[in-house]
1. Of the residues Val166, Val133, which single one is closer than 22 Å to Arg246 by Cα and under 24 Å from the mean Cα position of the chain (by Cα)?
2. For Leu161, which of the numbered conditions (1) of a type in the set (A, V, I, L, M, F, W, C); (2) in contact (Cβ under 8 Å) with a residue 40 or more places away in the chain; (3) more than 21 Å from Trp220 (Cβ to Cβ) fails to hold?
3. When you look at Leu97, is it farther than 28 Å from Thr145 by Cβ, buried (at least 16 other Cβ atoms within 10 Å of the Cβ) and more than 16 Å from the ligand (Cβ to nearest atom), yes or no?
4. If I go through the stretch 24-35 residue by residue, how many of them are in contact with a helix residue (DSSP H, G or I) (Cβ under 9 Å, 6 or more places away or on another chain), within 15 Å of Leu363 (Cα to Cα) and of a type outside the set (Phe, Trp, Tyr)?
5. Just to verify a result, which residue in the stretch 257-297, among those that are among the polar types (S, T, N, Q) and closer than 17 Å to Tyr78 by Cα, is nearest to the ligand (Cβ to nearest atom)?
6. Given the structure, is Gly39 farther than 25 Å from Gly314 by Cα, free of Cβ contacts under 8 Å to residues at least 60 places away in the same chain, small (Gly, Ala, Ser) and out of contact with any Ser or Thr (no Cβ under 9 Å at 6 or more places or on another chain)?
7. Looking only at the stretch 280-304, which residues are surrounded by fewer than 19 Cβ atoms within 10 Å (Cβ to Cβ) and within 14 Å of Cys103 (Cα to Cα)?
8. Under 8 Å between Cβ atoms, at least 6 apart or on separate chains: pull out the pairs that start in the stretch 226-244 with a residue that is within 12 Å of Val193 (Cα to Cα) and end on any residue that is more than 11 Å from the ligand (Cβ to nearest atom) and among the polar types (S, T, N, Q).
Amino acid sequence: MNAPDKLPVSPEPHVMKTYGRLPLALSHGRGCWVWDTEGRKYLDGLGGIAVNTLGHAHPRLVPALQEQLGRLIHSSNYYLVPLQEQLAAKLCELSGLTNVFFCSTGLEANEAALKIARKFGHDKGVDRPEIVVYEAAFHGRSIATLSATGNPKVQAGFGPLVECFVRVPLNDVAAIEEVASTRKNVVAVFLEVIQGEGGVNPATVEYLQAVRRVCDENDWLLMLDEVQCGMGRTGKWFAHQWAGIRPDVMPLAKGLGSGVPVGAVVCGPKAANVLGPGNHGSTFGGNPLAMRAGVETIRIMEEDGLLANAASVGAALKEGLQRELAGVKGVRDIRGQGLMLGIELDRPCGELLGRAAAAGLMLSVTAERVIRLVPPLILSADEAAQIVAILCPLIKALLAEPATS
Ligand SMILES: Cc1ncc(COP(=O)(O)O)c(C=O)c1O
């Protein structure tokens, strides 16, 4: 924790300015710790935004990937890729679903899901299939996925948006029942089990069960975007498993490859055969390096009991935050599950990103007022306590300042 209060500015004249970045560059990492190019050390409460499942430079992942690099990085989907079948079989075993399409990112997985929903509709004679989506949802930044996203800032400047999305509030059973009784062209419901970018907003168990029922009653596909909340983050392989339900379509990405880009759409019997040869594809999707990353990530998660770790260390982290922030005026809520936690404040808190970095902690702020922690699933109880010890004083200091907006 030797970062100075003010971080140096380093210009990037040739990279497009699509991100508001902190002026620091990471050089290397180990476990839940990363170092920048100036030698400063940070505790990683961000995990590359819920990506680095196994932390950094994992001693069993790295040699496996090195071995794969020396064997075959990419072939082509012109040919069989045995590692695809291996990873697909594992994802089906873990989810109880039946078939997988591979791609490289979350938005691509969601695009595939949206295509499945539309074709599912066309196949049963619905000419303008509609998909139910949610307020505050985030599904990606392609034209279709930003249209499904429920954040006007993400959509601004990119119209006309893709049509035929019907938007409802999260956790409102009456609203989805109303859609079912009034809109005959609906073919699918698409939601994050815990909204990530929207502010760490969990769908309740009761709501998920009700949506499953409404989908069954109306012959709709239930499509659960587990790109951020899936792959063990909440303490089960997939966040919907806490509700004892099964989706028909489940996009995954982020943590699946522990940092190597891997996306997947895992489907159950109702959706698995909707796309046929020529309907969809991806050059990089399912390449041997990506598949090996997925296979090894899951293997190590199983060997090291990382679901149980996410549940117990996540609970300890949440308790620590609740204890230290109890009664602090301006802290509205502390929510989430496992190692996907959000602390909602009564004011915008984007500046905490830089202040936390200066104090040696990586985190994220989402939906303007929500501090989000999505660290590697290998986080130890001691590291969780260190996050609490660094973060809570920063939150208290911010809340003690006069609110600017
Ligand atoms: C729930 C959810 N879906 C989709 C995406 C898009 O993933 P990607 O950035 O890999 O395209 C994200 C990214 O934050 C996400 O959180």
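Laboratory data are not the source of any read-out in this text; all were calculated from the coordinates shown. Here the structure is a predicted model, which means the values were calculated and not measured. Here Cβ is always computed from backbone atoms with ideal geometry, including for glycine, and neighbour counts include all displayed protein chains.
1. On the way: Val166 fails: closer than 22 Å to Arg246 by Cα.
Within the list Val166, Val133, the selection yields Val133.
2. Leu161 satisfies every listed condition except (2).
3. Values: farther than 28 Å from Thr145 by Cβ: no; buried (at least 16 other Cβ atoms within 10 Å of the Cβ): yes; more than 16 Å from the ligand (Cβ to nearest atom): yes.
Spelling it out, it is not the case that Leu97 is farther than 28 Å from Thr145 by Cβ, buried (at least 16 other Cβ atoms within 10 Å of the Cβ) and more than 16 Å from the ligand (Cβ to nearest atom).
4. Step one: list which residues in the stretch 24-35 are in contact with a helix residue (DSSP H, G or I) (Cβ under 9 Å, 6 or more places away or on another chain), which gives 24, 31-33.
Okay, now just the ones that are also within 15 Å of Leu363 (Cα to Cα), so 24, 32-33.
Those still in the list that are of a type outside the set (Phe, Trp, Tyr) too: 24, 32.
Within the stretch 24-35, residues that are in contact with a helix residue (DSSP H, G or I) (Cβ under 9 Å, 6 or more places away or on another chain), within 15 Å of Leu363 (Cα to Cα) and of a type outside the set (Phe, Trp, Tyr) number 2.
5. Ser282
6. Criteria not met by Gly39.
7. Correct list: His280, Gly281, Ser282, Thr283, Phe284, Pro288.
8. Final answer for the pair search is Thr234/Gln337; Phe238/Ser95; Ala239/Gln337; Trp242/Thr234; Trp242/Gln337; Ala243/Gln209.
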